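Some notes on the structure that comes next.
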Amino acid sequence: MAHKGNPEAPQRSCLGCRTSKDKELLIRFVQTPEMEILPDLEKRLPGRGAYTCFDKRCLVAAIEQRQFKRSFKHEVSVMPAEQLVEHVRQLLHSRIIGLIGLANKAGLITGGGSMVSDALKSKKKPGLVIIATDVSEAIGAKIIHAAAAQRVPYRTGVTKDDIGAILGKAPRSAIAVASGGFVAQLVRAVDRYRNFLGEV
């Protein structure tokens, strides 16, 4: 069995691929009092947990192979694979939206392609740039080039409409996030989301 992460950290095995990883690198699932299996992304709910990678293929495999029943050692109610995958996707996406919203309320977000480009040229550079998944190829390439030139990390994972809704404005092609604690949280949230979808 392969191991990934810090060998001294608590390890759990993915029900889908059987790889052993740090618990923090896996999605935790718990059973409700009604014996229904639900994701516990923040790993805060009480009780025994079962785990899969942040990869929808592992979740599908765990469901199809009835691994949740084996893990909890009794019959449990599991959504159809397609439905549970979509449920987890929505939760991961909501996490990104929530973090951007909090950063925006804290005054740490600059929105819009031209304003992001200006921020990348300024002395106080942002800690992260997030580019809309549906931005035009030309605009996206321009922002990526500018971010790479300034050694500012960039990610994709939300749409122009998502960004506009968070900022309370028309759709925006990109945002810049000021340096600070939200950067690491957003990078983690976006990477988990994209990993789950198989985009990384």
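The values are calculated or read from the model by the stated rules, or taken from the named source; none is laboratory data. Since we're looking at a predicted model, the values are computed, not measured. Here Cβ is always computed from backbone atoms with ideal geometry, including for glycine, and neighbour counts include all displayed protein chains.
Kindly indicate whether any position in segment 184-198 is closer than 30 Å to Gly16 by Cα and outside any helix (DSSP H, G or I). Yes, there is a match, as at least one residue in segment 184-198 is closer than 30 Å to Gly16 by Cα and outside any helix (DSSP H, G or I). Among the residues in segment 159-173, are any surrounded by fewer than 20 Cβ atoms within 10 Å (Cβ to Cβ), farther than 17 Å from Gly111 by Cβ and in contact with a strand residue (DSSP E or B) (Cβ under 7 Å, 6 or more places away or on another chain)? No: zero hits. The set of residues in segment 108-127 that are in contact with a helix residue (DSSP H, G or I) (Cβ under 7 Å, 6 or more places away or on another chain), part of a helix (DSSP H, G or I) and of a type in the set (S, T, N, Q) contains only Ser117. Residues in segment 56-111 that are among the acidic types (Asp, Glu) and either at pLDDT below 95 or over 21 Å from the mean Cα position of the chain (by Cα) (or both): Glu64, Glu75. In segment 43-107, counting only helices (runs of 4 or more DSSP H) that sit wholly within it, the ones holding 2 or more residues that are more than 28 Å from Ala165 (Cα to Cα) and of a type outside the set (Val, Ile, Thr) span 56-64, 67-72. Per this entry, Ile130 is not counted among residues that are touching a helix residue (DSSP H, G or I) at 6+ places or on another chain (Cβ under 8 Å), modelled with pLDDT under 95, not assigned by TED's automatic domain parsing to the domain that holds Lys56 and not in a loop (DSSP other than H, G, I, E, B).
Only residues that are assigned to a loop (DSSP other than H, G, I, E, B) and touching a residue at least 24 places away in the same chain (Cβ under 8 Å) were counted across segment 145-170, and they come to 7. Scanning segment 96-144 for residues that are without any contact (Cβ under 8 Å) to a residue 40 or more places away in the chain and polar (S, T, N, Q), we see that the one that is farthest from Ala178 (Cα to Cα) is Ser136.
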